[in-house]
Amino acid sequence: MSFPRKLSALAVASTMAVTGVTMATPALANTGTSSQPAAAAPAINQVHKETGYFKTTDKLGTQLFYRKDIVPNAKGAVVLVHGLMENSSNYEYLTKSLTNAGYSVYRFDNRGHGRSAAPYINNAIPRGQFDDWWNIESDIHQVVGTAHKENTGKKVFLLGHSMGGIAVHTVLRNHVSRNC
């Protein structure tokens, strides 16, 4: 899967990246200038939560832990990429804010982090390490592809913090045309 040609990107500091990968619209939040009323937040029981493992495309068959928080009739989707020595559970507060704002959220534990490392899963990558930077790029690409497939016609945003922000920039540099 390749990224669409239209893209908006906003770098926040040098270690956080927020990126829309379907349309040229950088804002996620309501700025208060719209004449349309804000959509009501979904009831907490309407958010479908799913966790599990997905098999990556690397030669080792590495499995990574994922979390999906799916909002019915979502405005779009956000893929969160955590930083070094973190995991996807660190972003519960942000996930709740995004789902309340009407966005579905996709998170995963990077290689060697959280439930993507021993003792949760028998991967070859030791806790706190990752095997190859380009595999992380491929993992993000795979999750973004899932978000696009499950949110057809909707905007999909990438948000990365710290190491995740650098990874998001790497994905953008290598997979998005300069014709943004």
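Each principal axis of the Cα cloud of the stretch 59-180 was evaluated for its coordinate range; sorted largest first, these ranges are 38, 33, 24 Å.
Taking 22 Å as the cut-off for C-alpha to C-alpha distance, list the pairs among Lys59/Lys155; Lys96/Lys154; Lys55/Lys96; Lys55/Lys75 that go past it. List each step's numbers first, then the result.
Details: Lys59/Lys155 31 Å; Lys96/Lys154 19 Å; Lys55/Lys96 26 Å; Lys55/Lys75 28 Å.
From the list (Lys59/Lys155; Lys96/Lys154; Lys55/Lys96; Lys55/Lys75), the Cα-Cα distance tops 22 Å for Lys59/Lys155; Lys55/Lys96; Lys55/Lys75.
About its Cα centre, the dipole of the stretch 52-96 is roughly 160 debye, where the only charges are +1 on Lys and Arg Cβ and -1 on Asp and Glu Cβ. Fully extending the segment from Asn174 to Glu92, taken as 0.36 nm per residue of separation minus the present Cα-Cα distance, adds 26.6 nm.
Treating only the Cβ atoms of Lys and Arg (+1) and Asp and Glu (-1) as charged, compute the dipole magnitude of the stretch 110-180 about its Cα centre; round to the nearest 20 debye. The calculated dipole for the stretch 110-180 is roughly 240 debye.
Coordinate-derived values only; no laboratory data. Predicted model, so just to flag it, every value in this text is computed and none were measured. Here Cβ is always computed from backbone atoms with ideal geometry, including for glycine, and neighbour counts include all displayed protein chains.
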